[in-house]
Amino acid sequence: MRGGARPRLAVWKFASCDGCQLSLLDCEDELLVLAGAVEIARFTEASSRVLPGPYDLSLVEGSVTTGADAVRIQHVRAASRHLVTIGACASAGGIQALRNFADAGEMLRAVYPSPAYLDTLATSTPISAHVTVDFELRGCPVDKGQLLEVITAFLAGRKPAVASHSVCIECKRAGTVCVMVQGTPCLGPVTHAGCGALCPGFRRGCYGCFGPMETPNMPALTARWGRLGAGAGTIRRALRTFNVAAEPFRKESESHGDEDD
């Protein structure tokens, strides 16, 4: 941080839907306080005002899906004292990482009349596959309370206080009856907390929006799903959504083959 100056914050977009940036805008009153504590040097979702680096903290949304973005993230890293990825796309490749399991060239030919004009990679990869990341904030989208905690922590020079336990802990705290006990397949036991156990609160299984928890026991969960009647195809599809490229989800999905139920 430059002596006497407010810390400079930059927000960057790669391949994504902008939902995590909107979570920051959704902070409303808290954002006004944040704007007084930092200099928002770059946040094109909110303002056309862009100041050159260096930046004290960069928040990066989105995955790397083009050669140009693979180069651009290197420049972002070089200009940033701290770099934090926000959301499933930046931290785990996003739902667009479904291309990693197919022939990207074949898909382009099926969708676009002139695919030769497109510049795209065969895979969608998280930011950490290209540069050093100081912290990964999970979610699709991220929780605004956790996002504010991460920003505050880095500006204060401390470790973010973001829990690494599973959604099951949130269910217990809310007094929500386990949907798995009621016979509904749920990803809550292996999914990172942060959503407030929203889906189980409405008696639906967790969809894994916040990606894998710190030490997920994937084989034990999918075995339980099997006893509830879920076939290999159902299990594979459940793991290949928002965080499809997260290693625990990817590895377990591959262990269930390619056949449908």
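Readers should treat all values here as calculations from the given coordinates under stated rules, not as data from a laboratory. Everything quoted here is computed from the prediction, not taken from an experiment. All Cβ positions, even for glycine, are placed from backbone atoms using ideal geometry, and neighbour counts span all protein chains on display.
Observations on the model:
- For region 120-178 and region 198-261, distance of Cα centres in Å: 19 Å
- Extension gain for the segment Glu30 to Thr152, taken as residue separation times 0.36 nm less the Cα-Cα distance, is 42.8 nm to one decimal.
- Per-residue ellipticity at 222 nm, computed for the chain from helices alone with -39500 (n - 2.57) per DSSP H run of at least four residues, works out to -9500 deg cm²/dmol.
- For Val181, Val150, order by how many other beta-carbon atoms lie within 10 Å, fewest first: Val181, Val150
- Over region 167-254: Rg over Rh, Cα atoms, Kirkwood Rh: 0.93
- Each label point was placed 7 Å from the Cα along the Cα-to-Cβ direction; for Gln74 and Arg203 their separation is 5.5 nm.
- Each principal axis of the Cα cloud of the chain was evaluated for its coordinate range; sorted largest first, these ranges are 61, 53, 26 Å.
- q = 0.09, 0.10, 0.15, 0.19 Å⁻¹, region 85-214: log10 I(q)/I(0) [Debye, one scatterer per Cα]: -0.36, -0.44, -0.81, -1.03
- Positive contributions from Lys and Arg (+1) and negative ones from Asp and Glu (-1), summed over other residues with Cβ under 15 Å from the Cβ of Arg240, come out at -2.
- Qualifying GluC sites (Glu not before Pro) in region 161-261, DSSP loop, other Cβ atoms within 10 Å at most 10: Glu214, Glu259
- Ordering Ser114, Ser63 by the number of other Cβ atoms within 10 Å of each residue's own Cβ, fewest first, gives Ser114, Ser63.
- Approximating the spin labels as points 7 Å out from Cα along Cα→Cβ, the Ser255-to-Ala220 distance works out to 1.3 nm.
- Dipole magnitude for the chain: computed about the Cα centre from +1 point charges on Lys and Arg Cβ and -1 point charges on Asp and Glu Cβ, it is near 420 debye.
- Sorted fewest first by neighbouring Cβ atoms within 10 angstrom, Tyr55, Tyr117, Tyr207 come out as Tyr117, Tyr207, Tyr55.
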